[in-house]
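One structure below.
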Amino acid sequence: MINKLAITAVLLCALAVPVFAEPAADTAAADQPKTTSAEVNSNTDTDGETPELVVELGIPDKSKESVPKPAATKPAVKKSSASTSTSIDKEIAQANRFSRLTREALSCRGLPYIWGGGSRTGFDCSGFTQYLYQKRGIKLPHSAKLQFKMGIPVNKSDLKECDLVFFNTRGPITHVGMYIGDGKFIHAANPRRGVVINSLDDAYYTRCYAGARRYT
């Protein structure tokens with residue numbers, strides 16, 4: 001009986017040895033600290049590689065502040081008043097009308113002088129100015145004296161294109177022509193010359209000059 005107990009005790013001891021004897025290598029591995037995924041991410045953020053990748057991928061670096069560019073400003077546009085615009089339009093229309101009238105007058109150069117004439121077949125002085133102003137829708141009498149009594153008096157220094165200029169050639173107000181600018185006027189001069197251009201500075205016309213009129 002004693003022998004059986006002794007054998008049983010020995011077997012129990014032999015079986016207990018592998019339970020309490022762990023390999024040294026396994027113990028050393030167990031003693032080492034485990035590396036967590038958070039620590040891996042932390043090392044990646046601090047090893048200097050991530051900023052380089054950020055730059056390579058074109059992702060802006062938050063450490064660099066972007067300087068905003070000044071907004072482009074459009075130049076201020078001045079708005080003209082309605083009254084100014086209307087006034088300018090009237091001046092342009094009047095200038096264009098005067099230019100057309102001057103062109104009509106110039107197209108008559110060389111046409112013959114005919115006493116009492118008032119058409120392109122021939123003119124006398126007041127018939128010529130009467131014909132031109134009909135183009136503007138203004139009726140003038142076929143008489144230099146009567147035309148002189150109409151309109152607004154104008155100083156010689158203030159003459160404008162299409163003003164009528166009058167002369168005392170054979171008595172008071174016996175001749176008329178139309179001013180075309182630059183000190184010149186166009187008129188049906190006489191049977192010998194027909195419709196011609198002369199300068200107000202010519203000695204003869206300076207001496208005979210009687211005044212000017214403007215018609216609106």
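Numerical summary
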| item | result |
| --- | --- |
| Matching residues, the stretch 201-216, being free of Cβ contacts under 8 Å to residues at least 12 places away in the same chain and part of a loop (DSSP other than H, G, I, E, B) | Asp202 |
| Out of Leu164, Leu140, Leu146, Leu200, sole residue that is of a type outside the set (Ser, Thr, Tyr), at pLDDT 95 or above and under 41 Å from the mean Cα position of the chain (by Cα) | Leu164 |
| Strands (runs of 3 or more DSSP E) within the stretch 119-200 that include 2 or more residues surrounded by 15 or more Cβ atoms within 10 Å (Cβ to Cβ) | 164-167, 175-181, 184-188, 195-199 |
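The values are calculated or read from the model by the stated rules, or taken from the named source; none is laboratory data. Every value quoted in this text rests on a predicted model; they were computed, and no experiment measured them. All Cβ positions, glycine included, derive from the backbone under ideal geometry; neighbour counts span all protein chains shown.
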